[in-house]
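Report on the following structure.
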């Protein structure tokens, strides 16, 4: 009997040329976006805009960073990815399919009765879903406990928490930010999707969170702010965090400015909304625009 | 507001000796003077359990010394995590620790666990049914600091949380025996902590704590007390006092509030005896309503008399004063039973 295959990453091997890593993540992000559009079409609506915006972040973490075994989602030595923003589940499911943890065919059940893929992500439903997000501001607190627990047990597994800029409104996020720094959790990385949009409108009109970079720096985190739709910048940020912060017991945050609807001009230019409405006859156009953009052609 | 202050001198009196005031600093004084007690039974029980189970870890939100968690922290410094005065982090992190296979005991005051961190306990610990053990200090009326510290409705809040086991121990024996069982049980638990020098009461009875079980501590023909927490101590005292009035009282101790041992309790209640519930909690949502629900569900036509805290924010003051004021004192229980019996 052969041991289950472990998804090794450059974190382990350090041998893959940077441009090859970028190319691999870039193509994974394209497939994640494609999956998300297909899932949105089944529902007729959904958080497609967020999934498209965050696809590069999700592709980078699953394609380039996480150690996991697709056929054994509870493998003890796995790196943990915690989706705090439960409504981003559509993007996460697409990433889990890309990672081979969830079958691609199952994605069409998204949000349906008795599906393992509910609209808001839940650990009890979906393989590879570590926590039940959705009540915002929880993910980073759980991540602190996981990072403490893994370190205490001598594990080299790392914890990644994906959160949104809207979650920076929640006081618990900052309780956890203090806790991670106090306990010197170098095995913890937070990824903040800054799409400048939340349920009631633009972030700067709902509750101003800027200056975000200075906030995280002042909480003691190794802080980088990048274009979250630039795969090369994302991977360089992960590399920097590993080299500069992890070894000295400093938690890392990668602040990712992203664009809602990224990769599909029709949606990038539509009025931004938390819950984006897409007409029945527009889905095919969206897919064509996505593919044209990926292949370097203008739609 | 105090309504019965008799301890201050009249203005203008210069010759009288100033009487000693009763103060709210008597925080652990629900024990009777001279009563047998055990120091920090929770802390010592957790250390003992941790010696046998290496998965047990402890954490607190800046209240280690006040929840007897400091005993564990001193014994196992590497297994203790101070989370600061941040209760949302405390319980989110406890869930995260449990996700990695550890068995966390997380302590704070009951008011903060129940009121402030409910969402985190509910979604991060209870929904995934993790072995997160909540340790809540100052349950019910065990402090004179007023509503900011008095968790008079903690069970009412927590009873609605699916998967959560709720334990309301009577004394040091209950706590010592409960801790390893809480650690061994799957899913989240809530322990209503009695801290400091905790009375030792149940060693005088043929009793062992069993999670999920009610126990008949003594039989009696006229009245049956159904009690939990420190009110079982008062129930036993009241039963002895009522014997002097030729009233024969049975006492049934129900330290596990959820899941509730309705079978044992209903068998005791469904008799001709006067049935009285006694709890260190609001009359809303605690033991009385748990028993009432079991009685109605079973179709038993039976009146049940509650001894419980009133549905109001309580006064600050010294505990003996407050226990007397709100009917938890032994004398008040005796008087209530005699009045009920006419």
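Observations
- The distance from the alpha carbon centre of region B:298-342 to that of region A:119-157 is 45 Å, rounded to a whole number.
- Kirkwood estimate for region B:212-341, i.e. one over the average of 1/r between Cα atoms, Å: 14.6
- Cβ-Cβ distance of residue A:23 and residue B:53, R₀ of 56 Å, FRET efficiency by 1/(1 + (r/R0)^6): the value works out to about 0.70.
- Taking the average, over residues, of other Cβ atoms within 10 Å as the packing measure, peptides A:125-134, B:94-103, B:176-185 rank B:94-103, A:125-134, B:176-185 from highest down.
- Alpha carbon convex hull of region A:87-150, projected area averaged over orientations, nm²: 4.6
- Taking A:275, A:81, A:68 in turn, the Gaussian network model of chain A (Cα-Cα springs below 10 Å) assigns the largest fluctuation to A:275.
- Per-residue shielding of A:149-156, expressed as the average number of other chain Cβ atoms within 10 Å of the residue Cβ, stands at 4.
- Alpha carbon Rg of region B:152-278, scaled by the compact-globule rule 2.2 N^0.38 Å: 1.05
- Förster radius 30 Å - calculated FRET efficiency between residue A:71 and residue A:152 (Cβ-Cβ, nearest 0.05): 0.60
- Distance histogram in 10 Å bins (all Cα pairs of the protein assembly as shown, percent per bin): 3, 15, 22, 20, 15, 12, 8, 3, 1, 0, 0
- Taking label positions 7 Å along the Cα-Cβ direction at both residue A:275 and residue B:300, the computed distance is 4.7 nm, reported to one decimal.
- Take the Kirkwood radius over Cα pairs of region B:37-199, plug it into Stokes-Einstein at 25 °C and 0.890 mPa s, and you get 163 µm²/s for translational diffusion.
- Cα principal axis extents for region A:18-294, largest first, Å: 52, 44, 39
- For residue B:312 and residue A:295, the FRET efficiency from 1/(1 + (r/R0)^6), where r spans their Cβ atoms and R0 equals 60 Å, is about 0.30.
- Value of [θ]222 nm, deg cm²/dmol, for the protein assembly as shown, DSSP H segments ≥ 4, -39500 (n - 2.57) each, nearest 500: -10500 deg cm²/dmol
- Segments A:265-272, B:271-278 sorted - mean Cβ within 10 Å per residue, highest first: B:271-278, A:265-272
- Inter-chain Cβ neighbour average for residues A:134-142, partner chain, 10 Å: 6
- Kirkwood hydrodynamic radius of chain B, from inverse mean 1/r over distinct Cα pairs, in Å: 20.5
- Region A:18-294: antiparallel DSSP beta bridges as a percent of all, rounded to 5: 10
- Ascending count of other beta-carbon atoms within 10 Å, so fewest first, for B:159, A:208, A:262: A:208, B:159, A:262
- Computed label-point distance, nm, for sites residue A:243 and residue B:270 using a 7 Å Cα→Cβ extension: 7.5
- Shielding by partners, peptide A:171-182 (average Cβ within 10 angstrom, other chains): 5
- The spacing between region B:82-96 and region B:224-285, judged by their C-alpha centroids, is 36 Å.
- Rounded to the nearest 5, the antiparallel percentage of DSSP beta bridges internal to region B:212-341 is 15%.
- Two-site label geometry, residue A:213 and residue A:108: point separation in nm, points 7 Å out along Cα→Cβ: 4.6
Readers should treat all values here as calculations from the given coordinates under stated rules, not as data from a laboratory. Because the structure is predicted, anything quoted here is derived from the model rather than measured. Cβ atoms come from the backbone with ideal geometry, glycine included; neighbour counts cover every protein chain shown.
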